[in-house]
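Undergrad: My structure is below; once you've seen it, I'll send some questions.
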Amino acid sequence: MKIIVNERELKEYFDGLARLLPPPNGARPPASDSLDASALIEELRQSIREEMASIQLAAQRDAGAHALNKLGQIFEPHAGKPAELLTSAGIVEGTIAKVGADYLAVREHGGTSVLVPLDQLVAFQLTGKQVER
């Protein structure tokens with residue numbers, strides 16, 4: 001995104017704002033000639049950069065949440081079925097006990113329950129006797 005700014009118009013805009021707003025703590029507002037347009041433009045650019053970065057982070061977070069939600073929907077029909085899950089920490093083998101928004105609860109063969117975050121899941125396969133319908 002490119003923003004083109006006319007320095008004179010920008011200076012007039014902020015001078016007008018300064019006249020409209022009450023001065024902080026009774027101090028006199030600075031004279032319009034003392035405003036440094038280049039410093040003001042740099043401050044605006046920095047604010048725009050920060051806003052764009054926060055928008056980009058929010059979009060990435062939303063995309064990641066959507067992908068995890070979709071992955072959870074894939075696992076829902078397999079609840080109660082035996083599976084082998086490959087995670088970044090190793091293999092978890094057992095029955096899928098619960099499918100959460102961003103995790104799977106797996107009951108291992110020894111009775112231990114393990115929570116597997118969906119974002120740590122590398123691969124999975126259903127195990128045990130499979131019957132085609």
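Undergrad: Go through segment 114-123 residue by residue and turn each phi into a ³J(HN,Hα) via Karplus (6.51, -1.76, 1.60, θ = phi - 60°); whole Hz please, and just put x for glycine and proline.
TA: So the J values, rounded to whole Hz, are 10, 9, 10, x, 4, 6, 9, 6, 9, 7.
Undergrad: Tell me which residues come under 5 Å, amide H to amide H, from G100 once H is placed; ignore anything under 5 positions away on its chain.
TA: Under 5 Å from the amide H of G100 lie the amide H atoms of A105, each far enough along the sequence or on another chain.
Undergrad: I need the calculated FRET efficiency for the pair R49 and R107, taking r as the beta carbon distance and R₀ as 41 Å, to the nearest 0.05. Provide the component values of the computation, followed by the final result.
TA: On the way: r = 49 Å, r/R0 = 1.19.
About 0.25, to the nearest 0.05.
Undergrad: Now for a separate question. Taking 0.36 nm per residue of sequence separation and subtracting the Cα-Cα distance, how much length would be gained by fully extending the chain between Q60 and H78, in nm to one decimal? Could the numbers behind the result be given before it?
TA: On the way: separation 18, 0.36 × 18 = 6.48 nm, distance 2.83 nm.
Contour length minus Cα-Cα distance gives 3.7 nm.
Quick note: the coordinates plus some simple rules give every number you see, no bench work behind them. Note that this is a predicted model, so its numbers are computed, not measured. Every residue, glycine among them, receives a Cβ derived from its backbone with ideal geometry; neighbour counts consider all protein chains shown.
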